[in-house]
1. For a footprinting-style exposure proxy, rank Y178, Y140 by other Cβ within 10 Å, fewest first.
2. Neighbour counts of other C-beta atoms within 10 Å: give me M168, M29 arranged from fewest to most.
3. Using the Karplus curve 6.51 cos²θ - 1.76 cosθ + 1.60 with θ = phi - 60°, what ³J(HN,Hα) values do you get for each residue of segment 85-100, in whole Hz, with x for Gly and Pro?
4. Could you put W134, W85, W177 in order, starting from the residue whose Cβ has the fewest other Cβ atoms within 10 Å?
5. If the cut-off is 20 Å between C-alpha atoms, which aspartates and glutamates fall inside it for K56, apart from same-chain ones fewer than 8 positions away?
6. Can you compute the FRET efficiency between T176 and A57 using 1/(1 + (r/R0)^6), with r the Cβ-Cβ distance and R0 = 22 Å? Round to the nearest 0.05.
Amino acid sequence: MKNLVKSKRAEGFTIIEVMIVLAIAGLIMVIVFIAVPQLQRSQRDNARQNIANRVKAELETYAGNNQGLYPFNNAACGGADTGKWCDFINRYITGKVKVADPSTGNDVVTTTAGVPVAYNTAPCTGTPTVPNPWVPGTFYTCYGSKCTGEAFTNSGNATLNTRNYAVMIGLDRSGTWYCVDNG
């Protein structure tokens, strides 16, 4: 009988091969952890920009249906609200346009207990300044204003017959505003 000598070869992966696979997996994980938060911020910013653009479109529709007048008066809702912000919210926004902030889920254009929310005139009066503090999802409508990049400037005093307005919303990028106007 012949002795058959079998060479025993180890089966499996070498430590080098395992280390290479782990290094590649680690690199993929790092890329994912860096890219995903940026992608989420971009999606939230796009949603906020869509809100501002949709409100602008609804303001134009409102003006078209009301002899070219925009909803200026910041009065409590109820009664004869034609030409007022609450009338605009009730007829054109509530239940018709999605205006929920993607971070909080709260509507940025709404009324609370009959008081308009997101009709802010404080940063719009006198010499306009970019609202401070900056908060993502904070919404402003400034009548008698025009956008200048990420801010706005007065284009005349806001009255019932003012034809200019700027709509602004805070984005996730620190201190960044998205501004759109009817000019």
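1. Working: Y178 20, Y140 24.
With the fewest neighbours first, Y178, Y140 line up as Y178, Y140.
2. On the way: M168 26, M29 10.
Final ranking by Cβ density, sparse to dense: M29, M168.
3. Each residue's phi maps through the Karplus curve to give 4, 5, 4, 4, 4, 5, 8, 10, 10, 4, x, 10, 10, 6, 10, 7 Hz.
4. On the way: W134 14, W85 25, W177 22.
Taking fewest neighbouring Cβ atoms as first place, the list is W134, W177, W85.
5. D45, D81, D87, D101, D107, E150, D181
6. 0.50
Rule-based calculations on the coordinates, nothing more; no lab input. None of the values given here were measured: they were computed from a predicted structure. Positions of Cβ are generated from backbone atoms using ideal geometry, with glycine treated the same way; all protein chains shown enter the neighbour counts.
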